[in-house]
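Notes follow the structure.
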Amino acid sequence: MFIYKNTFENIKTINCNFPIEDQFYVNDNGDEAIVADGITRDPVGISDFSLHSFDEFIRNYPRPSGGEIAAKTIVDTFKNSKGSLRERLIKCNNEVRKINDKYIKKCDYLENDYYGAVTSCIKIEGNILHYAFICDCGVIVYDKYGNIKFKTDDEKELFSDPYINKIGIPWNLKESRVIVRRDYRNNLNNIKNNKCVSYGALTGEKDAIDFIRTGEVELLPSDIVVLYSDGFVNFLENEEFIELLLNFDKEHLKKYVNKKAKECYDRYGKEKTIIILKDVIKC
């Protein structure tokens, strides 16, 4: 069994005492793992992002961060619970609800938005990979040649973003953020063209559990299993990245990820977590 796990910080917030809102866990056998990505918070006292610099955003970002707290809670709950992956994520959501009951007296979807996170997790039994995820954390399986054998969907990108992009109010304005978080997150009643176009997140809200997706994949001994937060999405089909997976060297991977982050911040530079599992089943 080979296990690699790491969170790469946002290149713009390194040395800023910025909260690490990605969290992860892998057990010693490598047959259970989880990645959780805390929901970004609004900075304190800033409603129109366009009127403030990035440095001001960072200085006014809440510390501790509710996203970090939620992600840690999810990872710790998963680690210490039993049952199916769905049952364990339901427990995680319940624990996040307890936190929000304590800290969020009235949700305004801005500074006092619910603490929450999205997540993906796996459990390997024999040659079967059980997976569960919500929103844009995911699981991907490569074969020994680097071909993608399986990949979870990004349901926010598939269902929500086409409508969110048509709201017509810039994200820097609080009205836009309220609409997205109130109407598109964990809202089963948001129906467009006969389908729900909301996305899920573990915020403690009851309807969040309806956005947990689960499934199974049959593995071969040579398959590579990867869990990731959304910051790694643009790496996953890159030929150079796949070559690094096949012929793994952690220093080469680190240099490659940092190089891409500097080349294009929007695609590669934000906080991101990856767990790589090779030789996950016995021949």
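The values are calculated or read from the model by the stated rules, or taken from the named source; none is laboratory data. Everything numeric here is computed off the predicted structure, so don't read it as measured data. Every residue, glycine among them, receives a Cβ derived from its backbone with ideal geometry; neighbour counts consider all protein chains shown. With ligands, DNA and RNA removed, areas are computed over all heavy atoms of the protein, side chains included. Shrake-Rupley method; radii C 1.70, N 1.55, O 1.52, S 1.80 Å.
Computed quantities for the displayed model
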quantity	calculated
Whole-number percent relative contact order across the chain, with pairs defined as alpha carbons under 8 Å at least 6 apart	26
Solvent-accessible area per residue for the stretch 130-227 (1.4 angstrom probe, square angstrom)	47
Residue-averaged 222 nm ellipticity for the chain, from DSSP H runs of 4+ at -39500 (n - 2.57), nearest 500	-8000 deg cm²/dmol
The chain: most fluctuating residue of Ala70, Ala132, Ala261 per GNM, C-alpha cutoff 10 Å	Ala261
Probe 1.4 Å - accessible area at Glu87, Å² to nearest ten	100
Extreme residue, positive dipole direction of the stretch 166-282, given options Gly269, Asn172, Ser229 (C-beta unit charges)	Asn172
Distance histogram for the stretch 60-151 (every C-alpha pair counted, 10 angstrom bins, percent rounded to whole numbers)	15, 39, 27, 14, 5, 0
Flagged links, alpha-carbon separation over 27 Å, of Lys106/Lys151; Lys5/Lys259; Lys149/Lys254; Lys79/Lys151	Lys106/Lys151
Proximal charge balance of Lys12 [Cβ under 12 Å; K/R count +1, D/E count -1]	-2
Taking the convex hull of Cα positions in the chain, its mean projected area over all directions (nm²)	15.0
The stretch 117-216 - percent relative contact order, Cα under 8 Å, separation 6 or more	29
Contour excess over end-to-end distance, with Cα ends at Glu111 and Leu51 and 0.36 nm allotted per residue	19.9 nm
Separation between Cα centres of the stretch 196-232 and the stretch 1-79, rounded to whole Å	18
FRET E, pair Lys282, Lys98, Förster distance 45 Å, beta-carbon r, rounded to 0.05	0.70
Of the chymotrypsin sites (Phe, Trp or Tyr not before Pro) in the stretch 84-169, those whose Cβ has at most 16 other Cβ within 10 Å and which sit in DSSP loop	Tyr145
